[in-house]
Amino acid sequence: MFRRTVHDREIMLLAVPAFGALIAEPLYVVTDTAIVGRLGTPELAGLAIATAILLSAHAALIFLAYGTTGLVGRLVGAGSPQRAAEQGIAGMWLAGAFGIVVSVGLWAGSDWLVGLFDPTEQVAAHALTYLRISLIGFTPLLLAMAATGYLRGTQDTVTPLLVAVASAVGNLVIELVLVFELDMSIAGSAWSTVIAQWGAAAVFALAVRKRTRSAGVSLRLVAAAARRYARVGLQMFVRTSALRGAFVMAAVLASRIGTTEVASHQIGAEIWALLALALDAVAIAGQAMVAKELGAGRPAIARAASVRMIGMSLQLSVVFGALLVLLRSPLASIFSTDPEVVSLGAFVLLFVAVMQPVNAAAFAFDGIFIGAGDLAFLARAMAAAAVAFAIIGGAVRWADLGIGWLWAALIVFMCLRVAPQWIRFRGNAWLRTGEA
């Protein structure tokens, strides 16, 4: 697990570009958090509520990326590039449809959704401003997810890296101009992200079209490809909804403690998400490699590569945890100028640091099982862990134990994710070969 193997080169060729892309993607929100945090604590609290809603919707539809990678990877491994291309096109069509429907739904229910967090009137106004503008960019965000999933399934992690870095840099430049030069406040932050998301979606669409044209596949939606998503999508929806539901509940509970607490919770949540996606780079390699090897009928290679990927993820997590402990105060000060928020944010980051090895194992297992198509198990395990967190988190709030105990409950939640994953991995039920 912790020694070099023959699989290291292929893992690195997939994981390193994926690492860059995954780091670049959350920089949309991290950039917004850092800039909005300098506008004031109410603005930062409003951003925390809006992004909790947006990221929950994004996570519920993550199968457009992760599910596509597994489906396409199996077809590529089985020697069916045309069917793999059809799967990628189907993903793009579904992303557009889901994007429009979900955006309209969230817009219509925005007042009610923000009200669930019980914010002050000022915080609610900022949250609604950011949420409603950001929904204009939700459809292109899903299109980029679907395109990324297809490209990763074909073992191309470089193109998503280049697009993600370019859009993140563009977002930063535009946001600085809109917020500080044009004095658009939190609205400028939201508009910059929307502009960057539309630009990224356009580039991704061109990249996918170039690859599918070379495979001789048209842009029409193939019914068989769409039906595969029905099975994969439902299971991934349950899995990701349970995961995001736990973190939305944590944000709700933090907001009911106080404005300073929810602002500091936002700092912890953003750093957690940033490092989670960084660790997810190895999971992306797992999705692509495991899907390809099982599609080609090589379960022994799939297992051996998976063991090594778990080890690499754990090693990376130790580095992240140590850096967080050392840099927690400077990191917190990036996101706010309020001394109380900075102090409490640095305290929260200690919990984020402790979580890193547990996160690493959970994300590595997720990638392996997604690549293997073992989604029904992931859905059941995640739902059970989320229910347990609801009970523990509710008890923490009922006893008025504070933000530290809330994050301790999140650590327990992640441990409850890993335990059944480890048991499942030790068996052979997930090593199913063939195209599906």
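The values are calculated or read from the model by the stated rules, or taken from the named source; none is laboratory data. These numbers were taken from a predicted model, which means no experiment stands behind them. Using ideal geometry, Cβ is built from the backbone for each residue, glycine included, and neighbour counts are taken over all protein chains shown. SASA here: full protein model, heavy atoms, side chains in, ligands and nucleic acids out. Shrake-Rupley method; radii C 1.70, N 1.55, O 1.52, S 1.80 Å.
A few points about this structure:
- When the Cα positions of Ala166, Leu375, Ala15 are compared along the charge dipole of the chain, Leu375 comes out farthest toward the positive end, with charges on each C-beta of Lys, Arg, Asp and Glu.
- Surface share of carbon and sulfur [accessible, 1.4 angstrom probe, percent] for the chain: 70
- Per residue accessible area of the stretch 315-402, 1.4 Å probe, in Å²: 40
- Alpha carbon centroid spacing (whole Å) that separates the stretch 372-436 from the stretch 143-168: 28
- Residue-normalised accessible area of the stretch 79-226, given per residue in Å² at a 1.4 Å probe: 44
- Proximal charge balance of Val179 [Cβ under 11 Å; K/R count +1, D/E count -1]: -4
- A convex hull fitted to the Cα coordinates of the stretch 208-366 yields 162 cubic angstrom per residue.
- Hydrodynamic radius of the chain per Kirkwood, over alpha carbon pairs, in Å: 21.6
- Using θ = phi - 60° and Karplus 6.51 cos²θ - 1.76 cosθ + 1.60, couplings along the stretch 321-326 (whole Hz; Gly, Pro as x): x, 5, 5, 5, 4, 6
- Crossing angle, helix 259-295 versus the chain [Cα axis fit, 0-90 degrees, rounded to tens]: 0
- Values of log10 I(q)/I(0) for the stretch 49-134 across q = 0.11, 0.19, 0.22, 0.26 Å⁻¹ run -0.43, -0.82, -0.97, -1.19, by the Debye formula with one identical scatterer at each alpha carbon and no solvent.
- Magnitude of the charge dipole for the chain, about its Cα centre and with charges confined to Cβ atoms of Lys, Arg (+1) and Asp, Glu (-1), is about 2140 debye.
- Farthest positive-ward along the chain dipole, Cα basis, beta-carbon charges - from Met236, Leu106, Ala409: Met236
- Shape analysis of the stretch 123-199 places it in the oblate category; the axes a ≥ b ≥ c from the Cα gyration tensor give an a/c of at least 1.5, with a/b not above b/c.
- Label-reachable residues, the stretch 134-159, where backbone N falls under 16 Å from a point 7 Å from Ala187's Cα toward its Cβ: 134-136
- Cα-projected label distance for Glu10 with Leu326, points at 7 Å along beta-carbon direction, nm: 3.5
- Considering only the Cα atoms of the stretch 292-436, their convex hull presents on average a projected area of 9.9 nm².
- Here r is the Cβ-Cβ distance between Asp400 and Asn428 and R0 is 56 Å; the resulting FRET efficiency, rounded to 0.05, is 0.75.
- Relative contact order, percent, the chain [alpha-carbon distance under 8 Å, six or more residues apart]: 26
- When each of the peptides 343-350, 422-429, 357-364, 312-319 is scored by the mean number of other C-beta atoms lying within 10 Å of its residues, the order from highest to lowest reads 357-364, 343-350, 312-319, 422-429.
- Charge dipole (Cα centre; +1 on Lys/Arg Cβ, -1 on Asp/Glu Cβ; no other charges) of the stretch 242-377 amounts to roughly 420 debye.
- Normalised contact order of the stretch 160-292, rounded percent, pairs of Cα under 8 Å and 6 or more residues apart: 14
- Distance from the alpha carbon centroid of the stretch 273-352 to that of the stretch 203-260 works out to 20 angstrom.
- Rounded to 10°, Cα long-axis angle of helix 403-426 versus longest principal axis of the chain: 10
- Dipole of the chain, positive end: most advanced residue of Leu349, Ala90, Trp191 [Cβ charges, Cα centre]: Ala90
- Degrees separating the helix 158-176 axis from the principal Cα axis of the chain, which is the longest one: 20
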